[in-house]
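Inspection log for the structure reproduced underneath, given as structure tokens.
Here, each number is a calculation from the coordinates, and none is a lab measurement. Fair warning: this is a prediction, and the values are worked out from it, not measured in the lab. All Cβ positions, glycine included, derive from the backbone under ideal geometry; neighbour counts span all protein chains shown.
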Amino acid sequence: MTAITSPQPLDLSHHYSYASKNRNPSSVKSFYKYFTIPGIANFAGGLPHPSYFPYDTLEATVARPQRLQPSNKDDTKADRVLIPKAVQTTDPTRKIDLTTALQYGVAEGYPPLVSFLRQFVRDHLHPNVPYEGGPEVIMSCGNTDGFSKAVELFTNIWNPDRDWIQQREGVLCEEFTYMNAIQTIQPRGLNTVTVAVDGQGMLASGKGGLADVLENWDFRRGRRPHLMYTVTIGQNPTGGNLSIERRKEIYALCQKYDVIIVEDDPYWNLQFPSAYEMEARYRGTSSESTPYNRSYNAEGRSSGYAFLDSLVPSYLSIDTEGRVVRLDTFSKTIAPGSRLGWITAQPAVIERITRITEVTTQQPSGFVQSIIAQTIIGEQLKENGAFALKKQDIHSWRMDGWVRWLEGLRGGYERRMNDMCTILEENKFLFSEKSALSSTVDHVNDWEVVDRVQMYDFVWPKGGMFAWVEIRLETHPLRAKYSEQKLSKAFWIHLTKKPHLCLVAPGQIFAAGPKSIEKEHRYIRVAFAPMDAEDVSPFTRRLVEGFRAFWKREDLDGLDDDDDETLALGSMQLESGINFVGPGC
Ligand SMILES: Cc1ncc(COP(=O)(O)O)c(C=O)c1O
């Protein structure tokens, strides 16, 4: 009987950029492995002496993983986490101390943290990556950094004054997307190639879908794009979750056209099953059927956690060829200021990213890596043979606690999403008082004649931190007099004024290409993440009041001055304005 073997990942080196092909291991970093040889006299490294690091310990008070309840009230208990100056162990994957954390280190990241994440990734987050040997990981300084390294690895700068158009490379992305990513590729002269989206995310087929874009590529624009940037869960800004079925269709196209997928997934644990139920409850039917009534690992290895098994899995779970580079970040699970994340991909790709890291960021901050390592792993606190904290004070999260924390975060944001979207749902329409009144005069039943005007529409966000709201500008009474663009701009300014004082993110900051620019003015993104849980409902009521007041306006006086935008923003900072713009944009 022949044993079933997994496929080997493809060699993707034909996609490496000129510079990335030519990188050699850092001559300095290659010495690092010798530093750990017990008793070695180290004349080689230009390392500062650890006794001159001014920190003797690093200590924090940290939430217990149970703090955030998946479905009801949170608790506030906390534990201490302490990182001592030095611990005695020769095992680098168990050594969490300031002597190593604050020293120069290897580009892969702080060994205890990398080793924890490797286990998390391989055994729990993506237990069924189909290619032989499974993926490798490297720490990053967050997904912005991860993407910039992927772009450096897979794309060459194109200079119109020097290069042929045939050499111009391109990056595929959702038509509305996270603009920092687009601003990473645009200065390199690359084509930004947008793919149409629906409530889930990128379309595989149909007009403007991936197949359409790739099949009908116009080579006068340059090379057919070989890289895709995609946000698959809680898509920023549209809030969609890409189903496994859609992923398979898109992956097949990427195989056909040899496209590398960079999956930027900062919101992966924020998937909201209740959004499907709520949408169906209000609208009779959900925009799509729930993907949460199954275990995604039922036919393979379980993640060991019902929560993780229930989540729509990464592209990595269908990546037979090793063409997926996945970006994860602690920005949304710990804190954005930690500037910490990790990249997961086939080992050869991680090796090239390691070479880029060695000469760019070198490694993420040791303060951050060690405090997060100690919070999650922190099993050994022996300082010169003694425990630095009393044993009963030591409560590191471990794998169970980390997964529990992620689930608790989902609960917290899902409740906010439900609060916001319930109010948005119940207030989409403006009922015209005039016609209600005239109908009473005519003694006609009010319900039959009352005018209903829909001011906005939205799809319940199935994940992430935002709702993507389409402004139904065509229903505004002043539409005959003003263009949609003008009304949209006036609306944005109107919202920033008293008594509304709401700051929303305008669609234009997410429009990645000409087709999206045509309709950008019809959208705003409203974030439910940044506000306190108890503020979400009153703030959203204020926002819908703002909509109503705008629809009742008989003119746009005071709303057409560009300077007003800046003034309005200034006054919001002074007063109690509501910021719906949200995290990191
Ligand atoms: C889609 C997306 N990618 C990346 C980021 C930034 O991630 P990081 O803080 O890890 O750089 C954000 C933040 O808003 C985001 O929405």
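Observations on the structure shown:
- Between S483 and S365, the simple spin-label model (points 7 angstrom out along Cα→Cβ) gives 4.5 nm.
- Lys/Arg +1, Asp/Glu -1 at C-beta; the chain dipole; positive extreme among Y413, S516, P84: P84
- Karplus-derived 3J(HN,Hα), 6.51/-1.76/1.60, for each residue of segment 205-216, Hz, glycine and proline x: 10, x, 5, x, x, 4, 4, 4, 5, 6, 5, 9
- Taking GluC sites (Glu not before Pro) across segment 203-291, none is in a DSSP loop with at most 14 further Cβ atoms lying within 10 angstrom of its Cβ.
- For the residue pairs K207/K515; K207/K428; K486/K552; K207/K489; K149/K462, the C-alpha atoms sit more than 20 angstrom apart in K207/K428; K207/K489; K149/K462.
- Between the amide H of V312 and any residue lying 5 or more places away or on another chain, no distance stays under 5 Å, with hydrogens modeled in the peptide plane.
- Additional length obtainable on full extension of the chain from Q454 to D212, 0.36 nm per residue less Cα span: 83.8 nm
- When the C-alpha to C-alpha distance is required to be over 31 Å, the pairs from K29/K248; K29/K95; K248/K519 that qualify are K29/K248.
- One decimal place: the segment K498-R223 gains 93.9 nm when fully extended, by the rule 0.36 nm per residue minus the C-alpha distance.
- Label-to-label distance, nm, for residues given as D532 and Y104 (7 Å Cα→Cβ offset): 4.8 nm
- Cα-based shape type of segment 461-538, given that a ≥ b ≥ c are square roots of the gyration tensor eigenvalues and the cut on a/c is 1.5: oblate
- The packing ranking, built from the mean of other Cβ atoms within 10 Å per residue, places the peptides 201-212, 336-347, 49-60, 315-326 in the order 315-326, 336-347, 201-212, 49-60, highest first.
- Extension gain, R162 to E425: 0.36 nm times the residue separation minus the Cα-Cα distance gives 89.4 nm.
- Global geometry of the chain, whether rounded, prolate or oblate, following the gyration tensor of its Cα atoms and the 1.5 cut on a/c: prolate
- FRET efficiency for A41 and T61, using Cβ-Cβ distance with R0 set to 35 Å, rounded to 0.05: 0.30
- Spin-label model, D400/A298: points 7 Å from Cα along the beta carbon direction are separated by 2.7 nm.
- On the basis of the beta-carbon distance and an R0 of 41 Å, S205 and R281 show a calculated FRET efficiency of 0.85.
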